1. Taking all protein chains together and a probe of 1.4 Å, list A:Ser278, B:Ser313 from the most accessible to the least accessible.
2. Distances in nm, one decimal, shortest first, from C:Asp211 to the same residue in every other copy, taking the label point 7 angstrom along Cα→Cβ.
3. In whole percent, what relative contact order does chain B give with Cα contacts below 8 Å and a gap of six or more residues?
4. Tell me which residues come under 5 Å, amide H to amide H, from A:Thr320 once H is placed; ignore anything under 5 positions away on its chain.
5. Taking H placed 1.01 Å from N in the peptide plane, check which residues at least 5 places from B:Arg130 or on another chain put their amide H under 5 Å from its amide H.
6. Work through the residues other than A:Ala28 whose Cβ is under 14 Å from its Cβ and net out their charges, Lys, Arg +1 and Asp, Glu -1.
7. Quickly work out the A:Glu7-to-B:Thr25 label distance, labels modelled 7 Å from Cα along the C-beta direction, and quote it in nm with one decimal.
8. Longest exposed-loop-site-free stretch of chain B, with GluC sites (Glu not before Pro), DSSP loop and at most 16 other Cβ within 10 Å?
Amino acid sequence: MTYTVKEIAVALGASAFGATDILITRAAEPAMAGPDDLALAMSLKFAESLAEGRARVAMLWEGADWEALGLEAAIIAPRPRFAMAGLTGMLDQGQGYATGIHPTAFVDPEAVLGADVSVGPLAVISKGARIGAGSVIGPQCFIGWNATLGAGAYLREAVSIGARVTIGDRFIAQPGARIGGDGFSFVTAEPSNVESVRKTLGDQGDAKAQDWTRIHSLGSVTIGNDVEIGMGATIDCGTIRDTKIGDGTKLDNQVHMGHNVVIGRNCLICGQVGIAGSATIGNNVVLAGQCGVNDNIFVGDGVIAGGGTKLMSNVPAGRTMLGYPATQMDKQVEGYKALRRLPRLMRDVVELKKAVFNADKDA
Amino acid sequence: MTYTVKEIAVALGASAFGATDILITRAAEPAMAGPDDLALAMSLKFAESLAEGRARVAMLWEGADWEALGLEAAIIAPRPRFAMAGLTGMLDQGQGYATGIHPTAFVDPEAVLGADVSVGPLAVISKGARIGAGSVIGPQCFIGWNATLGAGAYLREAVSIGARVTIGDRFIAQPGARIGGDGFSFVTAEPSNVESVRKTLGDQGDAKAQDWTRIHSLGSVTIGNDVEIGMGATIDCGTIRDTKIGDGTKLDNQVHMGHNVVIGRNCLICGQVGIAGSATIGNNVVLAGQCGVNDNIFVGDGVIAGGGTKLMSNVPAGRTMLGYPATQMDKQVEGYKALRRLPRLMRDVVELKKAVFNADKDA
Amino acid sequence: MTYTVKEIAVALGASAFGATDILITRAAEPAMAGPDDLALAMSLKFAESLAEGRARVAMLWEGADWEALGLEAAIIAPRPRFAMAGLTGMLDQGQGYATGIHPTAFVDPEAVLGADVSVGPLAVISKGARIGAGSVIGPQCFIGWNATLGAGAYLREAVSIGARVTIGDRFIAQPGARIGGDGFSFVTAEPSNVESVRKTLGDQGDAKAQDWTRIHSLGSVTIGNDVEIGMGATIDCGTIRDTKIGDGTKLDNQVHMGHNVVIGRNCLICGQVGIAGSATIGNNVVLAGQCGVNDNIFVGDGVIAGGGTKLMSNVPAGRTMLGYPATQMDKQVEGYKALRRLPRLMRDVVELKKAVFNADKDA
């Protein structure tokens, strides 16, 4: 994978300057760049360390003076962060998985594989599973009974997908992603303490000793096109209908998605977010790392929540949220500030009491 | 798996009305139900969408007028949520795992398998492991050296169980559940900054550069009967004695259980809860999603904690807890309200200061 | 693995007393100790339960009167907690993995294995991978293309390591640890709502419907010597350079490490901690369970953070932190106390208002 500066610029819809026939083999940070690397210096701050490395070519910000930086060539993209997507896609060496069906894989004779599907060593494709054309099933993956994957899937090692899961095209799963466990849904023969707390918020006195009986998940999981699931993320089946993820939504590592959850299109769900059963998330929602979403609530389109936010009740569309319990971000920040002023407020009140009530006494 | 309306009602201990010989193949939400489905409409709200579907039969709440809803038959259960457990158990199609020992599995000749045990493709059963009768060991599972599983276990794909782990009957593990890692226990040759912080709560000034030496886990994990462990959950071994889970307790996805933790009977530990080393949890405890339990503390019987609660110190039996740090739920809610009124309180104090101290000056 | 009392004391640099030729087969808690066990009673509290067991030998605290406790022999170590490391190392029975290359493992002919490397059943070693001498690759592990492990690695079952990952000597990975997923880095063609929120903290009104395009990870992961990674932990690749972990650092179960994160030497990162992309952590840092670290921030050497702490901005070296958002621990505790006094403060202000403003009216 070697490209000329010009080829890269064309692919990115960017402009190339100088010796545009220099060959590029990798991208590098400015200080670590060698003579065949494309240094990434998309702001003045990064450009300053160009001198520490040996780069001849760099990707720069609009308006940068590449010659003054001592470069032989430069690429200038109108939105450098977006150009990074194209550039890293071109230069990605991938995982080096072999093509074809590995002899140690177990593919059930009743599985249906499209054209040019690769299956890695010690992977399992179960009866009735359907894998779309051009898909890569990584080493030690598991595809369950009657599961369906669209075209162009890319599954890294040790991914597992349960029975009857349906997934669209261009699906990406990182190592150890798990789809299609049974939902966490249990019930007691008599009303439980939890049902009672939901009404009273109070202590329950003596604990009742009750057995929990499993409610099985009859639904499965339906996932749209262009979805990506992170390492160790877990997605439960729905109880009656499927748990759902819309087109273009991305889940980071260790995201937990309970039964019946519905997530819309083009959401970003960051690391270790947990979404409890039957919550509904709109489109274009961004939940930062370690957010929590309460069961059975609704989160509107375009909601953005900062790191660690716990959404305890419905959130209208367009809100920016923070905190535990979550409020609008600016109110939460105002609350943090007030809390820091609280010790001084308490001293003020002590002074006031002295002045007002002692004065009374003196009078 | 097809049942008459009558058969289902009998199995659930419920009453059947109307054309009770109609055959049912699946359960469905009212709006999506077809003519051979049992629509689940256990409250008035759900019954309203029956008209959008084509259901002839529904499961309804006590006192519902099934004929007025245009149905040909109905099942009415005294506690519909509990009836869901029986119903979904009857209609669960399962994962379609083949029976018998798959030829690609590796079963050590010194492992002992009970009658009618199934072992999936590419699973590993180690030397000295004992698997109870009727158990299903899913694809790509790993059962360690001298581990013991009781009768009727059901392990989904990619579950791993370490050496010397002991598990009771009817154990269920969801995909990628991990039992029997070494505990996270390290020590420095000289007292560490952490030991010092536990005494002072203050800053430690210069960081000491100390190496951490591992304390190995000599104990393993002991799990009772009727326990279930979620996808990606992880349970550490104990240091000297075993880490323990009592009968009937259920762990959701991505639960973390540290070394020496003891959990009692019939607890529900929801998604992403973390329980630090040597904590002790009583019976019938419910910890909602993303709760945390501090190391070495005690959580009494019947304690219920809301989502995201961090239990930092011992909790007496019967308490309902919320927040970080956790307090009783009603006090926490009162605190949230007070915090929201804080800006107004601050303005009041400013007014008071003006009135009291300026008045003094004027006098 | 049987040792005399004397052999154990010598190995631990401790003193032995009494019948030091008694043979020890295991360690045990005092109340559960049998006659061939070494009871661990390193404080008076534990020594009290010696009478409930049948121990003849115990490990005791400095100054303990072993004869008065009815023992036949005793080991006394100057720092008993540190002696636990040596003792548990001696008595650890391990996982019973067989030595050699298991016939069901798939080792690519172009992989390079050092002397005395063991590879468990159904493990995969990819092309160009290099495994240092004496390493143990557990059952069902995956080692990716051109990955490098140093000498003396110990990988439990189902660990996966992606392409081009580089790891030092004496690496330990618990079951299901995952290294080398692609980073969670996405960009929109036009500036996104998230970029806008970082500037304003405010609501974003109408959600823009934008697609996310992946920024590929061209970097990999570099890990030093003596590092340990817990069950289900996930470590992402860097975007351009490698994500990094320094010598002697230990990660607990379900830790999430985003792309480009750099962690220094001898840190303890406890269960379920999440570290967002491009954060930098110093040396000797301890993050207790469920901590979160914001993206792009810096955490100085020797910082200690209590359970559940969310570090939202840079933390200077040596600080002890707590809370969400994190502050210095003593200030956080002061804040909790103030919050609990808030309802009383509010009543005081009501009284003051009555006294001041009604008094005015009366005057």
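The values are calculated or read from the model by the stated rules, or taken from the named source; none is laboratory data. Not measured: the values here are computed from a predicted model. All Cβ positions, glycine included, derive from the backbone under ideal geometry; neighbour counts span all protein chains shown. We work out accessible area using only protein heavy atoms, side chains counted, and drop any ligands, DNA or RNA first. Shrake-Rupley method; radii C 1.70, N 1.55, O 1.52, S 1.80 Å.
1. Reading off the accessible areas and sorting them downward yields B:Ser313, A:Ser278.
2. 5.3, 5.3
3. 6
4. A:Ile304, A:Met329, C:Asp203, C:Gln204
5. Those lying under 5 Å, H to H, from B:Arg130 are B:Val112, B:Ala147, B:Thr148, B:Leu149.
6. In short, -1.
7. Result: 5.5 nm between the two label points.
8. With a cap of 16 other Cβ atoms within 10 Å, the longest stretch comes to B:111-363.
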